[in-house]
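**Q** One structure follows; several queries about it will come next.
The values are calculated or read from the model by the stated rules, or taken from the named source; none is laboratory data. Since the model is a prediction, treat every value here as computed from it, not as a measurement. Don't worry about glycine lacking a Cβ; one is built from the backbone with ideal geometry, like all the others, and counts go over all protein chains shown. Just the protein is used for accessible areas: all its heavy atoms, side chains included, with ligands, DNA and RNA removed. Shrake-Rupley method; radii C 1.70, N 1.55, O 1.52, S 1.80 Å.
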Amino acid sequence: MNNKIKIGLIFGGMSPEHEISIISAKSVYEHLDKEKYKVYSYYIDKNGFWSEVKSPEKLEERKSNPAPFIAFKGVSPFIEVVDIFFPVLHGPYGEDGTVQGIFESLKIPFVGTGVVGAAVTMDKVLTKKILEADGIPVADYLILWKNNDILEEPQRIKDSVYEALKFPVFVKPSSSGSSIGITKVKEPAALPSAIKKAFEYSEKILIEESIEGAREIEVSVFSDKSGIRVSIPGEVIPFNEFYDYEDKYELGKTKFEIPAKLPEKLVKKIQKTAHDSFKILELYGMSRVDFLLDKDNNFYVNEVNAIPGFTSISMYPRLWKESGIGYSELLDLLIQSGLQRYE
Ligand SMILES: Nc1ncnc2c1ncn2[C@@H]1O[C@H](COP(=O)(O)OP(=O)(O)O)[C@@H](O)[C@H]1O
Ligand SMILES: [Mg+2]
């Protein structure tokens, strides 16, 4: 069969979500219909070195030695053999427009959003600024920059800032994911260590109002040249106090409610907001829009993930499944959407 579409699956990467990317890629690999596709697996190690491997399951079975991208491109069958790339990278150096930029500049088809949507949604501050400018509700926040670090300020300045905050607050790196570097802070005394931790991951961080007792609602979005589709909303019910790293990947105690139990009118509003956010942020192909819903059913867009988790238990494919599109069919649609990109 020579007419199979050749897919270049890219995973791993230099972000703290390296391992999660491998798990997502295993699942994507497994669900790609091998009658339709020939899959090439490209692994990026934690140093940013690329190599071709047998599959995401078999990283040790290398087909080429790890090399920096430019060198790798020279030695490995890569751009020349692949019809479309499928980046399954989470976090910086992959979900943020950098890898997408390689493909866009060479006009090579790839799955998912382009440079602008990926770069903006990787940055929580920019995402909020753009959304709120268009009237999309987001939680209140304060921005801190590393080169203008509040911890270096005189005590009276720190005190005035801390007094102005309404605790509890969430301290988060602007560009991270998987809850890495995020702390819920209940009192001023706990702020400095939370701020330090967030700065380990990002030059810019947020101190955000906590939506207390919030329900976490997520919507999957897909688009191709014919338009944008949104899934039914699902609810994440974390085991821990908030949906932290352990909850996401270690404990397996998180509960999911799909579809989320919400009044029909609210479902429509949330879906419309997911659709509008996707459009405003110039996303393409896929994204998961995450909401916080307060006790009075006011909702806020919390964040948008340009390359959402893709394990078989991940919300993105599960929400589509419950909306009538199975995992393999979803991959078909995403690939077709990516192939239409430059039309
Ligand atoms: N403002 C907030 N109010 C209440 N909970 C929040 C708030 N911000 C974050 N959280 C909690 O922290 C989790 C991770 O934060 P999030 O902004 O989604 O970062 P990440 O990109 O790491 O997933 C959320 O899923 C939620 O449980
Ligand atoms: Mg999140």
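**Q** According to the square roots a ≥ b ≥ c of the eigenvalues of the Cα gyration tensor, what is the shape class of the stretch 7-155, taking rounded for a/c under 1.5, prolate for a/b larger than b/c otherwise, and oblate for the remainder?
**A** prolate
**Q** While we're looking at this one, here's another question. Hey, what angle do you get for helix 264-280 against the long axis of the chain, alpha-carbon based, 0 to 90 degrees rounded to 10?
**A** The angle comes out at about 70 degrees.
**Q** How high is the FRET efficiency between LYS268 and SER160 when r is their beta carbon distance and R₀ equals 35 Å, given to the nearest 0.05?
**A** 0.25
**Q** Please give the contour-minus-distance gain from ALA133 to GLU246: 0.36 nm per residue of separation, less the Cα-Cα distance, rounded to one decimal in nm. Don't skip to the end; give the middle numbers.
**A** Numbers: separation 113, 0.36 × 113 = 40.68 nm, distance 3.38 nm.
Stretched out fully, the ALA133 to GLU246 stretch lengthens by 37.3 nm.
**Q** Projected onto the charge dipole of the chain (+1 at Lys/Arg Cβ, -1 at Asp/Glu Cβ, origin at the Cα centre), which of LEU266, LEU9, GLY91 gives the Cα projection farthest towards the positive end?
**A** Farthest along the dipole direction, towards plus: LEU9.
**Q** Tell me, what is the FRET efficiency for ASP149 and ILE228 to the nearest 0.05, using R0 = 35 angstrom and their Cβ-Cβ distance as r?
**A** Step by step, r from the Cβ atoms, then E = 0.30.
**Q** I'd like the orientation of helix 18-31 relative to the chain: the angle between its Cα long axis and the longest Cα principal axis, in ° from 0 to 90, rounded to 10.
**A** Compared with the principal axis, the helix lies near 50 degrees.
**Q** What does the charge add up to near PHE167, with Lys and Arg as +1, Asp and Glu as -1, over the other residues with Cβ less than 11 Å from its Cβ?
**A** Residues close to PHE167 contribute a combined charge of -1.
**Q** Within 11 Å, Cβ to Cβ, of GLY8, how many net charges do the neighbouring residues add up to if Lys/Arg are +1 and Asp/Glu are -1?
**A** Around GLY8, the surrounding residues sum to -1.
**Q** Would you kindly derive the ³J(HN,Hα) couplings of the stretch 114-119 from the backbone phi angles with the Karplus curve 6.51 cos²θ - 1.76 cosθ + 1.60 (θ = phi - 60°), listing them in order in whole Hz, with x for Gly and Pro?
**A** x, 4, 5, x, 5, 5
**Q** Roughly how far apart, in whole Å, are the Cα centres of the stretch 269-343 and the stretch 121-189?
**A** 25 Å
**Q** Could you sort out which of LYS129/LYS295; LYS128/LYS204; LYS124/LYS272 sit more than 18 Å apart by Cα distance in this structure?
**A** From LYS129/LYS295; LYS128/LYS204; LYS124/LYS272, over 18 Å: LYS129/LYS295; LYS124/LYS272.
**Q** A follow-up question, please. Just to verify a number: FRET efficiency for LYS38 and TYR342, C-beta to C-beta distance, R0 = 35 Å, to 0.05? The partial results should precede the final answer.
**A** On the way: r = 22 Å, r/R0 = 0.62.
Efficiency, rounded to the nearest 0.05: 0.95.
**Q** Given the DSSP H assignment, sum -39500 (n - 2.57) over each helix run of at least 4 residues in the chain and divide by its residue total; what's the result at 222 nm in deg cm²/dmol, nearest 500?
**A** Helix-only estimate at 222 nm: -9000 deg cm²/dmol.
**Q** Considering only the other residues whose Cβ falls under 9 Å of the Cβ of LYS54, what net charge follows from Lys and Arg at +1 and Asp and Glu at -1?
**A** -1
**Q** Among ALA119, ALA260, ALA25, which one moves the most in a GNM of the chain with springs linking Cα atoms closer than 10 Å?
**A** Highest fluctuation among the options: ALA260.
**Q** Let me ask you something else. What angle, in degrees between 0 and 90 and rounded to the nearest 10, separates the Cα long axis of helix 155-164 from the longest principal axis of the Cα atoms of the chain?
**A** Between the helix axis and the principal axis of the chain, the angle is about 80 degrees.
**Q** Then there's this: Considering only protein heavy atoms and a 1.4 Å probe, what is the carbon-and-sulfur percentage of the accessible area of the chain?
**A** 51 percent
**Q** Please compute the modelled spin-label separation between GLU30 and GLU282, points set 7 Å along Cα→Cβ, answer in nm with one decimal.
**A** Computed distance between label sites GLU282 and GLU30 equals 3.7 nm.
**Q** Only four residue types carry charge here, +1 at the Cβ of Lys and Arg and -1 at the Cβ of Asp and Glu. Report the dipole size of the chain about the Cα centre in Debye, rounded to the nearest 20.
**A** So the magnitude is around 680 debye.
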